[in-house]
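Trainee: One structure coming up, written as structure tokens, with questions to follow.
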Amino acid sequence: MMDYNKQSQKLKETAAKLLEEGTVEAVLGLKDNPEVGWPTPYFARTAGDVENLVWNEACFTNLANYLLDMRDKKVAIAAKGCDVRSIINLIVENQLKRENIVIIGIECSGMKQNDSLAAGCDACPSSIPNMYDIVVGADGSDTYKDLEMPNSGENVTEWAKNTTVDERFERFKKEIDKCILCYACRQACQGCYCKACFMDRKATPWEQVDPDTSTKMAFHLTRAMHLAGRCTDCGACEKVCPSGVNLKYLFKGLSEFVEEFYDFKAGVDMEAKPFANQYKQDDQQVAFLGGDTIVGV
Amino acid sequence: MSERAEVTNAVSEEWTPTIVTFLCNWCSYAGADLAGTSRIQYPPSIRVIRVPCSGRINPQYIIKALVDGADGVMVSGCHPGDCHYLEGNYYARRRFSALKRLLSLAGFHPDRVQFTWVSASEGARFADVVETVTEKIRVLGPSRLGGRDGA
Ligand code: SF4
Ligand code: SF4
């Protein structure tokens with residue numbers, strides 16, 4: 001079982017050592033934040049700072065994209081499986097350099113938000129991060145315990161095959177109606193690191209942003225398209241949404257599709273080439289008119 | 001309005017859908033031109049937007065057309081292997097396949113979005129494609145997203 005106290009202790013010791021030795025300039029972790037209600041990102045820069053680091057069951061925040069703020073510096077990060085998948089994705093996309101990051105891989109069998117399993121944890125493949133430099137096991141020791149995972153994630157492709165277009169539209173519309181277009185999901189997403197998001201560009205009349213249904217749909221569908229083959233299923237987008245919008249299933253469904261048809265999965269292989277940055281001449285024509293398989297679901 | 005209701009409400013025979021159509025400059029646009037100069041008849045449903053390459057079509061354009069009330073979207077480029085820029089349509093093919101799956105997951109009828117390849121010499125095929133696509137979309141009836149906040 002998880003022993004967060006021992007894990008915190010090990011994390012602090014490790015962080016202090018790395019900082020004292022000068023191996024890294026900062027250790028990225030989480031710090032208690034009563035105002036927000038759960039721990040928020042924090043860079044410990046001196047050995048004295050490490051006392052502020054916390055590790056508990058509310059540490060569900062994906063820290064990967066905070067590394068981008070210090071991309072040219074050497075930084076250590078307290079990372080769970082989802083953070084590590086995201087780091088791998090960012091390395092694949094040339095946003096981070098592996099040699100600049102020390103991964104303190106913290107074993108995790110699922111985080112809690114508002115007393116229930118945090119978004120994304122239901123589909124997490126393993127309690128052990130898939131890449132790490134320093135081990136923090138479930139009991140704070142130097143070995144991973146390989147804990148049992150909830151493994152109750154939705155198979156979106158199966159769901160889609162068993163529903164009608166109408167039912168799928170209803171689900172989408174129900175979530176869209178809740179959205180207030182605050183962009184918190186975009187800000188939290190490891191994949192949404194563009195300096196100028198398409199939603200912030202209002203150069204031409206057709207790019208006007210009014211908070212109406214069509215704009216909200218355009219935002220989420222385009223964001224999903226941009227995340228095709230890049231979403232690491234970390235759940236950050238759902239965790240930060242103030243309106244309880246659950247649209248991660250679209251991203252997950254696309255990931256399933258990309259894995260099935262193009263044999264690519266984000267956050268697995270550091271050497272991989274991004275799915276949309278490559279093609280094969282014999283790629284299946286999965287959506288084309290005239291005799292080809294329609295990707296109907 | 002629900003998709004099934006749309007179908008059963010059997011749209012009148014005369015109704016023609018509005019299909020936002022992206023054609024690549026080098027093959028499909030020339031193919032459409034050939035259909036025109038050869039005086040081949042096809043339904044007046046498409047609104048053509050000429051782009052340099054099917055690889056230039058940002059998925060956002062297609063999404064935008066659909067959520068703003070287009071009845072359908074058609075995209076046509078050079079056949080795989082014939083791209084004027086050598087590989088633009090190979091990238092596009094991956095992107096469009098993913099987009100079509102995404103739209104289907106979100107409840108847009110897969111038939112509303114059509115991708116195809118038409119070469120510069122295929123004027124007759126272009127007319128055929130337009131006819132097929134128009135009929136596929138016509139039976140679905142008008143888009144349920146009737147423009148700005150009409151959902
Ligand atoms: S889309 Fe959501 S689940 Fe996917 S990587 Fe971004 S924040 Fe994580
Ligand atoms: S965080 Fe929620 S409300 Fe805000 S833009 Fe994203 S889905 Fe909409």
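Trainee: Pick out the one residue from A:Ala276, A:Ala272, A:Ala224, A:Ala236 that is modelled with pLDDT of 95 or more and closer than 17 Å to B:Arg94 by Cβ.
Mentor: Values: A:Ala276 fails: modelled with pLDDT of 95 or more; A:Ala272 fails: modelled with pLDDT of 95 or more; A:Ala236 fails: closer than 17 Å to B:Arg94 by Cβ.
Answer to the selection: A:Ala224.
Trainee: Do you know which residues across segment A:118-136 are farther than 26 Å from A:Lys248 by Cβ and touching a helix residue (DSSP H, G or I) at 6+ places or on another chain (Cβ under 8 Å)? Don't jump to the end; show me each part of the working.
Mentor: The first filter runs over segment A:118-136 and keeps only residues farther than 26 Å from A:Lys248 by Cβ, leaving A:133-136.
Of everything in segment A:118-136, those that are farther than 26 Å from A:Lys248 by Cβ and touching a helix residue (DSSP H, G or I) at 6+ places or on another chain (Cβ under 8 Å) turn out to be A:Ile134, A:Val136.
Trainee: Sort out which residues of segment A:54-68 are in a loop (DSSP other than H, G, I, E, B) and within 16 Å of ligand 1 (Cβ to nearest atom), and write them in order of number. So that I can check it myself, show each step before the final result.
Mentor: Start the filter on segment A:54-68 by keeping residues that are in a loop (DSSP other than H, G, I, E, B), which leaves A:54-63.
Result: A:Cys59, A:Phe60, A:Thr61, A:Asn62, A:Leu63.
Trainee: Scanning for something within 14 Å of ligand 1 (Cβ to nearest atom), away from chain B (no Cβ under 12 Å) and in a loop (DSSP other than H, G, I, E, B), does segment A:243-252 turn up at least one residue?
Mentor: Narrowing segment A:243-252 to residues within 14 Å of ligand 1 (Cβ to nearest atom): A:245-252.
Going one step further and asking which of them are away from chain B (no Cβ under 12 Å), we end up with A:245-246.
Adding the requirement that they be in a loop (DSSP other than H, G, I, E, B) leaves A:245-246.
Scanning segment A:243-252 turns up at least one residue that is within 14 Å of ligand 1 (Cβ to nearest atom), away from chain B (no Cβ under 12 Å) and in a loop (DSSP other than H, G, I, E, B).
Trainee: Take segment A:224-258 and flag every residue that is within 10 Å of ligand 2 (Cβ to nearest atom) and surrounded by fewer than 23 Cβ atoms within 10 Å (Cβ to Cβ).
Mentor: The answer is A:Glu238, A:Lys239, A:Val240, A:Cys241, A:Pro242, A:Ser243, A:Gly244, A:Val245, A:Asn246, A:Leu247.
Trainee: For residues that are within 14 Å of another protein chain (Cβ to nearest Cβ), near ligand 2 (Cβ under 8 Å from one of its atoms) and assigned to a loop (DSSP other than H, G, I, E, B), tally how many sit in segment A:152-188.
Mentor: 2
Trainee: Continuing with this model, one more query. Kindly indicate whether A:Lys239 is assigned to a helix (DSSP H, G or I) and within 16 Å of ligand 1 (Cβ to nearest atom). Quick ask: steps written out before the conclusion?
Mentor: Details: assigned to a helix (DSSP H, G or I): yes; within 16 Å of ligand 1 (Cβ to nearest atom): yes.
Against the criterion (assigned to a helix (DSSP H, G or I) and within 16 Å of ligand 1 (Cβ to nearest atom)), A:Lys239 qualifies.
Residue by residue, here is whether (1) open to solvent by 10 Å² or more (accessible area, probe 1.4 Å); (2) more than 7 Å from chain A (Cβ to nearest Cβ); (3) farther than 20 Å from A:Lys280 by Cα; (4) modelled with pLDDT of 90 or more holds:
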site: B:Ala65; (1), (2), (3), (4): yes, yes, yes, yes
site: B:Val73; (1), (2), (3), (4): no, yes, yes, yes
site: B:Gly81; (1), (2), (3), (4): yes, yes, no, no
site: B:His84; (1), (2), (3), (4): yes, yes, no, yes
site: B:Tyr91; (1), (2), (3), (4): yes, no, no, yes
site: B:Arg94; (1), (2), (3), (4): no, no, no, yes
site: B:Lys100; (1), (2), (3), (4): no, no, no, yes
site: B:Ala106; (1), (2), (3), (4): no, no, yes, yes
site: B:His109; (1), (2), (3), (4): yes, no, yes, yes
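Trainee: Next question. Which of (1) assigned to a loop (DSSP other than H, G, I, E, B); (2) over 19 Å from A:Lys239 (Cβ atoms); (3) not aromatic (Phe, Trp, Tyr) is the odd one out, the single condition A:Gly191 does not satisfy?
Mentor: The number of the failed condition is (2).
Trainee: Regarding segment A:94-115, can at least one residue be identified that is under 13 Å from A:Gln190 (Cβ atoms), within 15 Å of ligand 1 (Cβ to nearest atom) and surrounded by fewer than 16 Cβ atoms within 10 Å (Cβ to Cβ)?
Mentor: No, there is no match, as no residue in segment A:94-115 is under 13 Å from A:Gln190 (Cβ atoms), within 15 Å of ligand 1 (Cβ to nearest atom) and surrounded by fewer than 16 Cβ atoms within 10 Å (Cβ to Cβ).
Trainee: Output yes when any residue across segment A:29-44 is assigned to a helix (DSSP H, G or I) and free of Cβ contacts under 8 Å to residues at least 12 places away in the same chain, and no when none is. Give the derivation first.
Mentor: Taking segment A:29-44 as the starting set, the residues that turn out to be assigned to a helix (DSSP H, G or I) are none.
Checking segment A:29-44: not a single residue is assigned to a helix (DSSP H, G or I) and free of Cβ contacts under 8 Å to residues at least 12 places away in the same chain.
Trainee: If you don't mind, there's one more thing I want to ask. Is at least one residue of segment A:179-186 among the basic types (Lys, Arg) and within 16 Å of ligand 1 (Cβ to nearest atom)? Reasoning before the result, please.
Mentor: Initially, segment A:179-186 is screened for residues among the basic types (Lys, Arg), giving A:186.
Among the residues that remain, those that are also within 16 Å of ligand 1 (Cβ to nearest atom) are: A:186.
There is at least one residue in segment A:179-186 that is among the basic types (Lys, Arg) and within 16 Å of ligand 1 (Cβ to nearest atom).
Trainee: Do we find a residue being more than 8 Å from ligand 1 (Cβ to nearest atom), closer than 23 Å to A:Met70 by Cα and open to solvent by less than 50 Å² (accessible area, probe 1.4 Å) anywhere in segment A:189-208? Walk me through how you get there before you give the answer.
Mentor: Looking only at segment A:189-208, we keep the residues that are more than 8 Å from ligand 1 (Cβ to nearest atom), and these are A:193-208.
Those left that are additionally closer than 23 Å to A:Met70 by Cα: A:193-197.
If we keep only those that are open to solvent by less than 50 Å² (accessible area, probe 1.4 Å) too, we end up with A:197.
Within segment A:189-208, one or more residues are more than 8 Å from ligand 1 (Cβ to nearest atom), closer than 23 Å to A:Met70 by Cα and open to solvent by less than 50 Å² (accessible area, probe 1.4 Å).
Trainee: Sticking with this one: For segment A:116-159, name all the residues that are open to solvent by 40 Å² or more (accessible area, probe 1.4 Å), out of contact with any Asp or Glu (no Cβ under 8 Å at 6 or more places or on another chain), of a type outside the set (S, T, N, Q) and under 17 Å from A:Ser86 (Cβ atoms).
Mentor: Those that are open to solvent by 40 Å² or more (accessible area, probe 1.4 Å), out of contact with any Asp or Glu (no Cβ under 8 Å at 6 or more places or on another chain), of a type outside the set (S, T, N, Q) and under 17 Å from A:Ser86 (Cβ atoms): A:Pro125, A:Tyr132, A:Asp133.
Trainee: From A:Lys145, A:Lys195, grab the single residue that is away from chain B (no Cβ under 14 Å), within 26 Å of A:Gly110 (Cβ to Cβ) and basic (Lys, Arg).
Mentor: Values: A:Lys195 fails: within 26 Å of A:Gly110 (Cβ to Cβ).
Sole residue among the options that is away from chain B (no Cβ under 14 Å), within 26 Å of A:Gly110 (Cβ to Cβ) and basic (Lys, Arg): A:Lys145.
The values are calculated or read from the model by the stated rules, or taken from the named source; none is laboratory data. These numbers come from a predicted model, not from an experiment. All Cβ positions, even for glycine, are placed from backbone atoms using ideal geometry, and neighbour counts span all protein chains on display. Just the protein is used for accessible areas: all its heavy atoms, side chains included, with ligands, DNA and RNA removed. Shrake-Rupley method; radii C 1.70, N 1.55, O 1.52, S 1.80 Å.
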